[in-house]
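Participant: First the structure, then my questions, so here it is.
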Amino acid sequence: MNRRRWAIRALAAGCVCGAVFAAAAADQPPTQTQPTAAAASEGTAAAQTIGAYEATYGCAGQDQRQQYLVVRDKATRRTLLEVKPGQFPGAAVPQIRLFWMIEGDLCVYGALKDGPGGIVAFDLSRGREAYQIAPEALGPGELSEIRSLGGRLYLAGQVECKTGWVQVRDIKEGKVIWKAGRDELPGWVTQTVLTGRQVVLAGGDPRGQGWIEARDFESGVRVWSVRPEYRAFPVSLYPAGKRILVLTHDNEAGTRLACLDAATGKVQWKAAIKPHLNEALVQNGRVLVRRDERAVELNLANGNVLS
């Protein structure tokens, strides 16, 4: 369906959301949509067209909690949904980060911050609320990520960078398909990508050690789990067909790029990037990495430098 496009916006002055979102790669599965962040300050407004709808969002005053969202039919300009200042779930919490996103005829909105204020899904075609997810139905602490994965609602949270939780819900009804709590995860989640029928999670634990694990997208069952051989957190995950690239950084070991078998988690090759690797792009069997001001191409199959 050509209207099945996602957008997510975080509405807050100075908010930074990129830390929890994996960078985009050219070879990613089309079923995964990367969110983007947008800041809102006093008196500002921005518009975004998604499918048949146009959303206008902004901030009505100096207080970040005075943020609003209006969704209209693009053709008729009729207002379908209006979330006024102070009406976002959790908007009473200071320093809140509010979000919204649209898929097809569904608009999902809520709050990201300590003590999440819950989530609301509104059916734009019918003009009525589809469902709500109460704060107590989510995990403890902060709701740090929400996105579309394979047409489902993926949520992740953390408690003071010590423990984490994950939920995968049916996007149409909001029902939990599977979840993993602090007793099932090694720590908190900082990165998530979808590769094949597996969702790959990465993060850190209270001991300062990074971790990566893959779970079956349908059931949530753990498929494999690995840890870097040095004390480093995964910075970014880049899906590349049957492989997944892991970019890590450590003050002592520096920046490293590892290529894992997406099915087993086994390391296929590793490369040390000096002085620093800023980002990577996977395309046509090659890995284009940018380190400081210089671009370098690596062979995806073995990690050898091509140029």
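The values are calculated or read from the model by the stated rules, or taken from the named source; none is laboratory data. Owing to the predicted nature of the structure, the values given are computational and were not obtained by experimental measurement. Side chains are part of the model used for accessible areas, which takes the heavy atoms of the whole protein and leaves out ligands, DNA and RNA. Shrake-Rupley method; radii C 1.70, N 1.55, O 1.52, S 1.80 Å.
Participant: Before I look further, what does the range 107-234 give for accessible area per residue, probe 1.4 Å, in whole square angstrom? Intermediate values should be presented prior to the final figure.
Facilitator: Values: 5070 Å² over 128 residues.
Result: 40 Å² of accessible area for each residue.
Participant: Lysine pairs in the range 75-216 with alpha-carbon atoms under 23 Å apart, 8 or more places apart or on different chains: how many are there?
Facilitator: Numbers: 84/113; 113/162; 113/175; 113/179; 162/179.
Step by step, the pairs that qualify in the range 75-216 add up to 5.
Participant: Let me ask you something else. Hey, any idea what % of the range 154-261's accessible area is carbon plus sulfur with a 1.4 Å probe?
Facilitator: In the range 154-261, the share of accessible area belonging to carbon and sulfur is 47 percent.
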